[in-house]
Amino acid sequence: MAEDKVLLSQLFDQEIYLIKDNEKGDYGSLEKENKSEVEEKQIPYQGSNTSGVIVLTTANPTSEELELLDKILNSVNLSIEEVALISYSQEFEDKISMLSDLASSKIISFGFTSGKSRLLDIQTKYSPSSIDNRLVIITDSLSEINSDKELKRKLWNCLKEVF
């Protein structure tokens, strides 16, 4: 019965009443208590994801790294508010297989690759790859890019190709 409630709460966002099999015809309300369980299964991200671009960064990026990221996104007419900004952490590692469930056309990963997700299993950095109808870019971490002009140049050339 609990599984049925979870399934129904995923399908409908309005209040639903279950008819119990008894002679009195009592009604039981389907509570939305399980909705939090559903939300916990999703990858948490900041931003609205209105651009369909997922950006992966280290956990707790520094203000310097966020400033660089803002400049990078602005260079391709995006803002941090328009992307799905995911800071990878242990929580993200546990949910990485769900990355493909997020609506996106592009993924930019700053310093993170993982064989646990087909989307991020790329060996060549700074070279856009098409996987599952998404363009995926793997780069060095933001801190490495910030301290190396050659990496900044590689990133810019790659972004020009994609955007």
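Considered as a group, the residues in segment 40-57 that are at pLDDT below 90 and exposed (fewer than 15 other Cβ atoms within 10 Å of the Cβ) include one that is nearest to the chain's Cα centre (by Cα), and that residue is 44.
Does residue 121 satisfy being modelled with pLDDT of 90 or more and in contact with a Gly (Cβ under 9 Å, 6 or more places away or on another chain)? No.
One residue is enough: does segment 93-102 have a residue meeting the conditions in the same structural domain as residue 155 (by TED's automatic domain parsing), in a loop (DSSP other than H, G, I, E, B) and either of a type outside the set (Lys, Arg) or farther than 14 Å from residue 141 by Cα (or both)? Within segment 93-102, one or more residues are in the same structural domain as residue 155 (by TED's automatic domain parsing), in a loop (DSSP other than H, G, I, E, B) and either of a type outside the set (Lys, Arg) or farther than 14 Å from residue 141 by Cα (or both).
Beta carbons closer than 7 Å, at least 6 apart along the sequence or on distinct chains, pair a first residue in segment 78-106 that is surrounded by 14 or more Cβ atoms within 10 Å (Cβ to Cβ) and at pLDDT 90 or above with a second that is among the aromatic types (Phe, Trp, Tyr) and part of a loop (DSSP other than H, G, I, E, B) for 84/45; 85/45; 86/45. Going by the conditions given, is residue 83 in contact with an Asp or Glu (Cβ under 8 Å, 6 or more places away or on another chain) and aliphatic (A, V, I, L, M)? No. Criterion first (on the phi > 0 side of the Ramachandran plot and surrounded by fewer than 19 Cβ atoms within 10 Å (Cβ to Cβ)) does residue 60 satisfy it? Considered against the rule, which asks whether it is on the phi > 0 side of the Ramachandran plot and surrounded by fewer than 19 Cβ atoms within 10 Å (Cβ to Cβ), residue 60 comes out as yes.
Screening 159, 135 for residues that are touching a helix residue (DSSP H, G or I) at 6+ places or on another chain (Cβ under 7 Å) and over 20 Å from residue 67 (Cβ atoms) leaves exactly one candidate, 135.
The values are calculated or read from the model by the stated rules, or taken from the named source; none is laboratory data. Quick caveat, the model's predicted, so the values are computed rather than measured. Cβ: placed from backbone, ideal geometry, glycine included. Neighbour counts: every protein chain shown.
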